Amino acid sequence: MPFISVRILEKRLNPESEQKLIANLTDAVVETFGAEVREHVWITLEPTPEHRWGIAGKPVGQPPNDPA
């Protein structure tokens, strides 16, 4: 059973984007492994707020020159 876990910034998700992402990821797995796996593909979306996602030592939502 293919299991895909996606960590993504919370602000990028809404009901439409969630549905589209889940459908497209499932389709990619089916394209790779065949139609028989569709019913066994699991997708989880793990939304993360900007202040809990860090890049280059700073939270994503923090301006680059902010010394905090």
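The values are calculated or read from the model by the stated rules, or taken from the named source; none is laboratory data. Just so it is clear, the structure is predicted and the values come from calculations on it, not from any experiment. Backbone-built Cβ (ideal geometry, glycine too); neighbour counts: all protein chains shown. For the accessible areas, the whole protein counts, side chains as well, though only heavy atoms, and no ligand, DNA or RNA atoms are used. Shrake-Rupley method; radii C 1.70, N 1.55, O 1.52, S 1.80 Å.
Remarks
- When the helices of the chain are scored as -39500 (n - 2.57) per DSSP H run of n ≥ 4 and the total is divided over every residue, the value at 222 nm lands at -9500 deg cm²/dmol.
- Think of each Lys and Arg Cβ as +1 and each Asp and Glu Cβ as -1; about the Cα centre, that makes the dipole of the chain roughly 280 debye.
- Of the solvent-accessible surface of the chain, computed with a 1.4 Å probe and all protein chains present, 54% belongs to carbon and sulfur.
- The angle between the Cα long axis of helix 15-33 and the main principal axis of the chain comes to about 50°, on a 0 to 90 degree scale.
- Our summary gives the chain a relative contact order of 42 percent, counting only alpha carbon pairs under 8 angstrom and 6 or more residues apart.
- Label assignment, Cα extents along the principal axes in Å derived from the structure, set [x] 48, 32, 18; [y] 53, 22, 14; [z] 40, 29, 18: [y]
- Whole-Hz Karplus values for region 5-11 come out as 10, 10, 9, 8, 4, 3, 5 Hz, taken residue by residue from phi with 6.51 cos²θ - 1.76 cosθ + 1.60 and θ = phi - 60°; glycine and proline positions read x.
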